[in-house]
Amino acid sequence: MKHYREKDKEIYYKQILKVSTNKEIKILELGCTDNSTFLAIKKYFPNAKFYGTEWEEWKGKFEKPIELEELHFLDLCKEKLPYDNNFFDLIIANQVLEHLYEIDNVLEELKRILKKGGHLVAGIPNLAAFHERISILFGYNPSTWHTSNKQVGLRNGVSTEGRIHCNGFTIKGFKNLLVQHDFIPINYIVSEVFIYDNIYIPFISKIFKGIGLTQCWIFKK
């Protein structure tokens, strides 16, 4: 079976396909260092202009892809996005928002730079996934939300690489958060039920979406 990160990308691409277009639109991708992912997305928008942001500490570690109009390295929790109001037709972020402490400030910035009628496609882990429920059942913390520099869940003691996941969201919780920031939920899909890195129970999440590993939403402004 595929690694869970590949599963993340699969549902992300399915949502991207739903908003794909041949129009000349402007697209911002948050966290765009994975060049293979960027090139895959670009195929769905052949006439779009792409912009990107990445974490400030990664500056100098890779070059700007020639396909990007601009690339900015910044701390999204502290800095405003360097774009005018109502600038983008589409903003995409896969496995990014759970890394941000000041999530409310970031969402307000995304709303500011997104055009009226534009879309936000956002993929994040599901805090209420099956393996997280099992963790809590046996008295452990969920592993998706990094409360310390080391895991205190079922993978107790494994490094969280500096608490890279500082926020966690259930499906309803993430929907409610975005609605509070005036985004309109269009639809969401989830990946399969996760057991370990590349071990899944197929089909169950089609019936019980709330326990799928990953969620990916389309919102509209």
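I'm told ASP84 meets every condition in (1) at negative phi; (2) modelled with pLDDT under 90; (3) in a loop (DSSP other than H, G, I, E, B) except one. Can you identify the failing condition by its number?
(2)
Conditions first: (1) touching a strand residue (DSSP E or B) at 6+ places or on another chain (Cβ under 8 Å); (2) modelled with pLDDT under 95; (3) surrounded by 14 or more Cβ atoms within 10 Å (Cβ to Cβ); (4) within 19 Å of PHE219 (Cβ to Cβ). TYR13 passes all but one, so which condition is the exception?
Answer for TYR13: the failing condition is (1).
Of everything in the range 27-41, what is farther than 21 Å from ILE189 by Cα, surrounded by fewer than 19 Cβ atoms within 10 Å (Cβ to Cβ) and of a type outside the set (Gly, Ala, Ser)? Give them in sequence order.
Residues satisfying the conditions are THR33, ASP34, ASN35, LEU39.
ASP104: modelled with pLDDT of 90 or more, acidic (Asp, Glu), surrounded by fewer than 18 Cβ atoms within 10 Å (Cβ to Cβ) and farther than 20 Å from CYS216 by Cα, yes or no?
no
Is it the case that the range 115-131 has a residue that's among the hydrophobic types (A, V, I, L, M, F, W, C) and touching a Pro at 6+ places or on another chain (Cβ under 7 Å)?
Within the range 115-131, one or more residues are among the hydrophobic types (A, V, I, L, M, F, W, C) and touching a Pro at 6+ places or on another chain (Cβ under 7 Å).
Regarding ILE184, is this residue open to solvent by 80 Å² or more (accessible area, probe 1.4 Å) and in contact (Cβ under 8 Å) with a residue 60 or more places away in the chain?
Spelling it out, it is not the case that ILE184 is open to solvent by 80 Å² or more (accessible area, probe 1.4 Å) and in contact (Cβ under 8 Å) with a residue 60 or more places away in the chain.
Residue by residue through the range 170-221, note down the ones that are more than 27 Å from ILE91 (Cβ to Cβ) and out of contact with any strand residue (DSSP E or B) (no Cβ under 9 Å at 6 or more places or on another chain).
Hits for the range 170-221 are TYR196, ASP197, ASN198, ILE199, ILE207.
Yes or no: the range 148-156 includes at least one residue that is hydrophobic (A, V, I, L, M, F, W, C), under 18 Å from ILE211 (Cα atoms), without any contact (Cβ under 8 Å) to a residue 24 or more places away in the chain and part of a loop (DSSP other than H, G, I, E, B).
Yes, that holds for at least one residue.
Could you run through the range 16-46 and say how many residues are in contact with a strand residue (DSSP E or B) (Cβ under 9 Å, 6 or more places away or on another chain), modelled with pLDDT of 85 or more and assigned to a helix (DSSP H, G or I)?
The qualifying residues number 4.
Condition (residue is in a strand (DSSP E or B), modelled with pLDDT of 80 or more, closer than 28 Å to ASN105 by Cβ and open to solvent by 40 Å² or more (accessible area, probe 1.4 Å)) applied to the range 187-207: is it met by at least one residue?
Yes: the range 187-207 contains one or more residues that are in a strand (DSSP E or B), modelled with pLDDT of 80 or more, closer than 28 Å to ASN105 by Cβ and open to solvent by 40 Å² or more (accessible area, probe 1.4 Å).
If the requirement is being open to solvent by 30 Å² or more (accessible area, probe 1.4 Å), of a type in the set (A, V, I, L, M), in contact (Cβ under 8 Å) with a residue 40 or more places away in the chain and closer than 24 Å to LYS9 by Cα, which of these qualifies: LEU114, LEU127, LEU178?
Checking each option against the conditions leaves just LEU127.
The values are calculated or read from the model by the stated rules, or taken from the named source; none is laboratory data. Everything numeric in this text was worked out from a predicted model, so none of it was measured. Because the Cβ atoms are built from the backbone with ideal geometry, glycine has one as well, and the counts that use them run over all protein chains shown. Heads up: the accessible areas ignore ligands, DNA and RNA and are worked out on the full protein's heavy atoms, side chains in. Shrake-Rupley method; radii C 1.70, N 1.55, O 1.52, S 1.80 Å.
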